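Inspection log for the structure reproduced underneath, given as structure tokens.
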Amino acid sequence: MNYRQAKIEDIPQIEKLQKRYHVDTISDEDRPNGFVTTLFTTEQFKNLITEEDGLTIALDGDKIIGYAMAASWDYWSQWPLFQHMIKDLPNMEFHGTKLDTKNSFQYGPICVDAEYRGSDVFPNLFETSRLNMKERFPILVTFINRVNPRSLRAHEKLELEIIKPFEFNNNNYYALGYDMEKKTPNSTL
């Protein structure tokens, strides 16, 4: 396995993986095992790579088998859900620190091919992303839809902590946090 920041030429494979596991296109067979909810365009992937250096990938040979996104709140502000989270940051606290757009960033979505779930791909992908972002931000923030318990369990294994539940657009979520100085549990990197 190899882990690195994505390049523009990786986008077609990333889009293929996204389509396979997106909530709107995932097979009924794969749905209970987790899905991603935010659909990214080619242009949004390009901006994430070139402006944020925020797209980390896992490769098995030349095949991309996972990705993790991470970026400043400024990047995420184009989506209504993230606009809601940005407004709510002052109401969130992590390890005694009130959150804002300067001391935190938004991580996710993350997607790992079903064939590689339960292996060290997820913790190693998270660790590679963490190492890339930790100099810029001390606190990671993410959210998980409460109808996606597999994702919540996977992130709790990495010791992400629930900050608070919240609701947006008739969906229920958990906001979670992570101390960027802490090495990812179960990572072999």
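The values are calculated or read from the model by the stated rules, or taken from the named source; none is laboratory data. Given the structure is predicted, the values throughout are model-derived calculations rather than measurements. Cβ sites come from the backbone with ideal geometry, for glycine too, and all protein chains shown count toward neighbours. Protein only, heavy atoms only, side chains kept; ligands, DNA and RNA dropped before computing areas. Shrake-Rupley method; radii C 1.70, N 1.55, O 1.52, S 1.80 Å.
If I model a spin label as a point 7 Å beyond the Cα along the Cα-Cβ vector, how far apart are those points for Lys182 and Lys157 in nm?
That separation, rounded to one decimal, is 1.7 nm.
Using a probe of 1.4 angstrom, how much of the accessible area of the chain is carbon and sulfur, in percent?
Taking all protein chains in place, the chain shows 47 percent carbon and sulfur surface.
At 1.4 Å probe size, with every protein chain present, just tell me what the per residue accessible area of the chain comes to in Å².
Per residue, the chain has an accessible area of 48 Å².
With θ taken as phi - 60° and the coefficients 6.51, -1.76 and 1.60, list the Karplus ³J(HN,Hα) couplings across segment 115-129 in order, rounded to whole Hz; mark glycine and proline as x.
The phi angles translate into 4, 10, 5, x, 9, 8, 4, 4, x, 6, 5, 4, 5, 4, 5 Hz.
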